[in-house]
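Participant: Got a structure for you, written out below as structure tokens; questions coming shortly.
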Amino acid sequence: MPKVPAPRRFGLFLPAVFCTLLWGSAFPAVKAGYTLFAIGADDTFTKVLFAGVRFALAGAAVLLFSRLSGRKRVLPRRDLLPDVFLLSLTQTAVQYALFYISLARISGSKGAMINATAVFFSVIFAHFMFKADRMTAGKAIGCALGFAGVILVNLAGGLDGYGGFSFGGEGLMFISAMCTGVSSPITKRITERGGDPMLATGWQLTIGGSMLLLLGLGGGGRFAAISPAGVALLAYLIFLSAAAFTVWSILLKYYPTSRVAVYNFLVPVFGTLLSGLFLHESVLSVRNLFALVLVSGGIALVNHKRSAAA
């Protein structure tokens, strides 16, 4: 009897939900980390340092797992180095520097909603980078629904009373989402050229995290308070990134991209609900739930059309 790969035995649903649950939990976890490490709202370089420690160690964990799982080659191929470096810069260094700075100034639930627009940005950028991945009417409608939901939560009296829009808060989160969007086609280009998704993820996190670490230290970032609870939370964030990215890359290996990507709609759902649960943000209003439906529905519609076209 032929051996069935582990992802096939466990199916797609549970591992994909597990990944999105972990990513959704990052929003309240990062905000809790600011409190535990006594990081002030304007302490930019300590936020960057916090992000750097998390992602550099998460990347090292992914690479270690890759080696232990039997990969003989851990270093990326020389011809893929430019794309790996560009991915490290966009998806880790720049994206998470903006993410961490922004999240200190907006609610976790609102951050989860805005950050979800990365899916729509990836669709837009892919239209210009790949001839086989053009914009369609279904994708356009999905993007419009998603952006409408985000606009809704930025109106006065939006999520948890964080109405309005500021460049240092919501604006930076939008730019962070754009960085994620532009990095998705880069990841696709790496895999299409025969690159290992797990190794690309490991080096992306390691290199990008190291950039953040050096920037944070160089700018004078220092943790004012270190406690067992803070260390435990940081360890969870490291596990979160390493586990979610590793499992996600394995799913992409065994399942069509469109079938995996559709589960991204759960990230803002989990991010919003967990922020309400752990940060006590008021998220259960008609407007907020309607906005969440628009964003999540837009993501599902975009990926449904991709699957139908495949």
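The values are calculated or read from the model by the stated rules, or taken from the named source; none is laboratory data. Keep in mind the model is a prediction, meaning the values are calculated, not measured. All Cβ positions, glycine included, derive from the backbone under ideal geometry; neighbour counts span all protein chains shown. Note: accessible area is taken over every heavy atom of the protein model, side chains too, but ligands, DNA and RNA are not part of it. Shrake-Rupley method; radii C 1.70, N 1.55, O 1.52, S 1.80 Å.
Participant: Can you list residues whose amide H is under 5 Å from LEU12's amide H, if they're 5+ apart or on another chain and H is modeled 1.01 Å from N?
Facilitator: HN-HN under 5 Å from LEU12: empty list.
Participant: For the chain, which whole percent of the accessible surface, found with a 1.4 angstrom probe, sits on carbon and sulfur atoms?
Facilitator: On the way: 9740 of 13700 Å².
In the chain, the share of accessible area belonging to carbon and sulfur is 71 percent.
Participant: Which loop-located trypsin sites (Lys or Arg not before Pro) does region 187-285 contain, where loop means any DSSP state but H, G, I, E or B and the Cβ has at most 14 other Cβ atoms within 10 Å? Numbers along the way, then the final one.
Facilitator: On the way: sites: LYS188, ARG189, ARG193, ARG222, LYS253, ARG259; in loops: ARG193, ARG222.
Those satisfying the criteria are ARG193, ARG222.
Participant: Roughly how compact is region 26-76, stated as its Cα Rg over 2.2 N^0.38 Å to two decimals?
Facilitator: Its radius of gyration relative to the 2.2 N^0.38 Å reference: 1.55.
Participant: Between LEU214 and LEU68, with labels modelled 7 Å along Cα→Cβ, what's the label distance in nm to one decimal, could you check?
Facilitator: Using points 7 Å along Cα→Cβ, the separation is 2.8 nm.
Participant: Same structure, new question: What is the extension gain from ILE175 to ILE141, computed as 0.36 nm multiplied by their sequence separation minus the C-alpha to C-alpha distance, in nm to one decimal? List each step's numbers first, then the result.
Facilitator: Working: separation 34, 0.36 × 34 = 12.24 nm, distance 2.16 nm.
Length gained between ILE175 and ILE141: 10.1 nm.
Participant: Sorted by mean Cβ packing within 10 Å, highest first, what order do the peptides 267-275, 291-299 take?
Facilitator: Working: 267-275: 25.1, 291-299: 23.6.
Going from most to least packed, we get 267-275, 291-299.
Participant: Could you work out the helix-only [θ] at 222 nm for the chain, with each DSSP H run of four or more residues adding -39,500 (n - 2.57) and the total divided by the number of residues, to the nearest 500 deg cm²/dmol? List each step's numbers first, then the result.
Facilitator: Working: 14 runs with 219 residues, N = 310.
Calculated at 222 nm, the ellipticity per residue is -23500 deg cm²/dmol.
Participant: Gaussian network model of the chain, Cα springs within a sub-10 Å range: biggest mean-square fluctuation belongs to which of THR35, THR46, THR206?
Facilitator: Result: THR35 has the largest fluctuation of those listed.
Participant: Over the chain, average the accessible area per residue using a 1.4 Å probe and give it in Å², no decimals.
Facilitator: Numbers: 13700 Å² over 310 residues.
Result: 44 Å² per residue.
Participant: Shifting gears a bit: Using 1/(1 + (r/R0)^6) with R0 = 25 angstrom and r between the beta carbons of ALA229 and ALA41, what's the FRET efficiency to the nearest 0.05? Write down the numbers at each step before the final one.
Facilitator: Values: r = 20 Å, r/R0 = 0.81.
Once the sixth-power term is evaluated, E becomes 0.80.
Participant: Subtracting the Cα-Cα distance from 0.36 nm times the residue separation, let me have the gained length for PHE290 to LEU14 in nm, one decimal. Present the calculation step by step, with values, prior to reporting the outcome.
Facilitator: Numbers: separation 276, 0.36 × 276 = 99.36 nm, distance 2.59 nm.
Taking 0.36 nm per residue and subtracting the Cα distance, the gain is 96.8 nm.
Participant: Something else about it: Which whole DSSP H helices in the chain pass both tests: a Cα extent of 20 Å or more along the axis and a mean Kyte-Doolittle value no lower than -1.0? Mind dumping the intermediate values first?
Facilitator: On the way: long enough: 13-36 (34 Å, 1.23); 44-68 (36 Å, 1.44); 137-153 (25 Å, 1.88); 172-192 (31 Å, 0.67); 197-218 (31 Å, 1.20); 228-254 (39 Å, 1.66); 286-309 (34 Å, 0.87).
Flagged H segments are 13-36, 44-68, 137-153, 172-192, 197-218, 228-254, 286-309.
Participant: Which residue, THR46, VAL30, CYS19, has the largest displacement toward the positive end of the dipole of region 19-92 when charges sit on each Cβ (Lys, Arg +1; Asp, Glu -1)?
Facilitator: In region 19-92, that residue is CYS19.
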